[in-house]
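Notes for the one structure printed next.
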Amino acid sequence: MGLTIRGTWEALLEEAFKHPVTAAIRKELNILRRNGVIGRNLFMILTNIFHEHGMQDREVSNHREIAEEADEIPRIICSEALL
């Protein structure tokens, strides 16, 4: 079963909101929680928060940082055993 566009967005939003967020984002999330927003409205508001706060840029930056860290880890290219 392939992912739909909405399913892809849901996965992206879930990943973005797993990471620590700014105080402004946390404030908006608390309002949503207190107001009991669910379903399609929640999805649309989270999407708006994602764009308004530039979270897509942070996701790209996080992936870049992870890739850079992976490059810093020493790798054994070739090993030779002496018998």
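A few notes on this one:
- Full extension of the chain segment joining Lys27 with Met44 gains 4.4 nm, where the gain is 0.36 nm per residue of separation less the Cα-Cα distance.
- Evaluating 6.51 cos²θ - 1.76 cosθ + 1.60 at θ = phi - 60° for every residue in region 40-55, the Karplus couplings come out as 4, 4, 4, 4, 5, 5, 4, 4, 5, 4, 3, 6, 4, 9, x, 5 Hz, glycine and proline recorded as x.
Each value in this text was obtained by applying a stated rule to the coordinates, not by laboratory testing. These numbers were taken from a predicted model, which means no experiment stands behind them.
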